Structure formats: C-alpha cells, structure tokens
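Notes follow once the structure below has been shown.
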Amino acid sequence: MGDEPSRRRYIRSMTDTPKKGWFSRLSEGLSRSSKQMTEQVVATFVREPLSEAALEGLEEHLLESDLGPEATDRIVARFRDLRFGRTTDEREVKQALAEAVAAELRPNQATFDPLGPDGVAGGIKPFVVLFVGVNGSGKTTTLGKIAADLTGKGAKVMIVACDTFRAAAREQLKVWAERAGADFESRRDGADPAGLAFDAYTRARAENYDVVLIDTAGRLQNKSALMDELLKIVRVLKKIDPDAPHETLLVLDATVGRNALAQEQIFGRAAYVSGVVMTKLDGTARGGVLVPVANASDAPIKLIGVGEGIEDLQPFDADAFARSLVGLED
C-alpha cells in the first residue's frame, strides 16, 4: 500500500461516509439500476391499459436488468393478473413491481450476526467466518468493514490474511485491522494458508477472541490448486472444531452481471457457502442480478454493499432492496 500517510489516506477514503440513512444510500446506490428497470416500464403502463405489448416490454426490460428468465416470467405473470386500468399512476406501477421483486427475494433473505444468539451469545467463541470469492469482488474490503462493525460493538476480533499469494491483499487487510482495532495475523509470501489458519484459530481460542475473520485467495474457481487450498483450510479448522468455519461468506461483485451467478454455483458447490454478500451494487445498472443469484443459491443473501464506506455494507432486506430498485421513496 506504500508509506504510512498513504495507508491512512486510503483507509480514510473507505470510512468517510455521508451522514445519510441506509434507505437513502441504498436508493442512491441503486439509482442506475432503477432507471434501467423502471423508466420505460412505468411510461408504458401509465400511458395505456395493460396489454400484451406492454407485458412484452416489461419482460424485455426485466431481462435487460439481469433478473433472469425464470424470475422475469413470474413477475410478468403477476402483472398480467393485476389488470391495470386507464387511471394507473406511476407510483402504483412501481409498487406493483417492487412487490413482485420482493416476493422473489424474501425466501432467500437471512441474517449475519456472529455476536447474536447462535454466535458468541450462543456459546460459539470464537466465531469463525471464512471469506471466499474471486479477486476484485470486494472480499477483502467486505471483511474489513465487518471487522470495523464488530469491534465497534465491543467484540475482540482477529483478522487472518490467508491470501498469502498477494501482498497487496495482506497490506489492505492490515490497514483495515489497524483502523478497526482488530488483531492481525499473516505470514510471508507463499506461506501455507492452512497452517496459518490453524495457528491463528488455536491462538484465538486460547486468548478468548470473540470472532475470527479469515480471508482467502481469489480466483479459486479456475485454479484447482487454490481451490484445493481453500478446502484444506476448511479441513484444518474442523480439526479444532468440527463445526468450523461457523459461517462461510461468498462475496460477489454486482458489476460482473450474470457472471456472478456462475461464481455462486461454483463456489457454492465446493466451499459449503452459508451466506452471500453482494457488493458494488452502486456501480452497475443491472442490480437486478441479485434476483437470479438468490433464486439459484442454496445459501441466502445476508449482506449487500452500495459504496466504499463502512456504513455502506448492511444486512439484506428484500423489501427495502426491491423498493430502492424500482425507485420508490421510503
């Protein structure tokens, strides 16, 4: 990352967030997707009563927003049953679309709470979270934001840099650890990630840590040796606690569109993913990709991100997401 002043400037840029409520930040972050999805759809349904031509236009725009063919078919079917009349207004159309999208997402919504009833509060201490995903997905930054949130709640947190293949990843994590007040474990380039994970977890148990956050190497889906390394990390953690890791979060980048779906399918099968984090929703006009990912994944959506600040990573709420996606005010 460079010298100390450079590191400080970097982490400041990640944490200085405008004082806005989450719904406002979510709506702002999804504004590009909202415009893509709703502008012409709303105009069509407000201009004329429900028709097959309007439904075909709806289908086209939903597909362009990356909602996927299955969800698109179900949403179009819901609209066909609504029987909009000539007095339909913009808000009515948006509300109907938001409800249809939320219905797709609600079954795939879940909570990430390492300190809650089933985590530290339930006697799992330290609670081990493994982060997986390709390079560039926002995995390292997501881990850092979660660390800052947990230490802010008074938790004793250890960050473990098991991506020993990229010095930049370790340096970025170190900066986050310093900012968050978390302890940091790493080793030299090319060191054994599984050995580091084993030693760090052993130390965390002995020293009464609340949460251990473990970063892993990216690009695992097309490098079998690195995928094997990930599975080795899981195996050595289970030698200490058969239930570890207690959470495995797959971090996906919304800007890659439907490629995120392929990544979920590969990692989900190989890495026993228990929750999905969708990042960079503010950087794409196709935020609707969250819908097919949620539909296809065995693991629920737990967190979403719409910016660089710590507060821009929040628990996933299907209804709030759907309303923001179609441009409805809170």
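A few comments on the model shown:
- Heavy atoms of the protein chains alone define the surface here; on that basis the chain has 43 Å² accessible area per residue at 1.4 Å probe size.
- The chain, helix-only ellipticity at 222 nm - DSSP H runs n ≥ 4, -39,500 (n - 2.57), divided by all residues, nearest 500: -16000 deg cm²/dmol
- Using the Cβ-Cβ distance between Glu99 and Arg32 with R0 set to 22 Å, the FRET efficiency works out to roughly 0.50.
- Full extension of the chain segment joining Leu55 with Val76 gains 6.9 nm, where the gain is 0.36 nm per residue of separation less the Cα-Cα distance.
- Recomputing semi-axes √(5λ) of the Cα gyration tensor in Å from the coordinates shown identifies the correct label among (i) 39, 20, 17; (ii) 34, 25, 15; (iii) 38, 23, 15 as (i).
- Label-point gap, in nm, between Asp319 and Ala43 - each point 7 angstrom along Cα→Cβ: 3.2 nm
- When the pairs Lys156/Lys238; Lys174/Lys302; Lys35/Lys174; Lys125/Lys145 are compared against a 28 Å limit on Cα-Cα distance, Lys35/Lys174 fall above it.
- Directionally averaged projected area (convex hull, Cα atoms, the range 222-330), nm²: 7.8 nm²
- When peptides 240-251, 185-196 are ranked by their average number of other Cβ atoms within 10 Å per residue, the highest-first order is 240-251, 185-196.
- Given R0 = 25 Å, the distance between the Cβ atoms of Arg205 and Lys232 translates into a calculated FRET efficiency of 0.80.
- The range 167-211, Rg to Rh (Cα coordinates; Rh as Kirkwood inverse mean 1/r): 0.98
The values are calculated or read from the model by the stated rules, or taken from the named source; none is laboratory data. Because the structure is predicted, anything quoted here is derived from the model rather than measured. Using ideal geometry, Cβ is built from the backbone for each residue, glycine included, and neighbour counts are taken over all protein chains shown. Side chains are part of the model used for accessible areas, which takes the heavy atoms of the whole protein and leaves out ligands, DNA and RNA. Shrake-Rupley method; radii C 1.70, N 1.55, O 1.52, S 1.80 Å.
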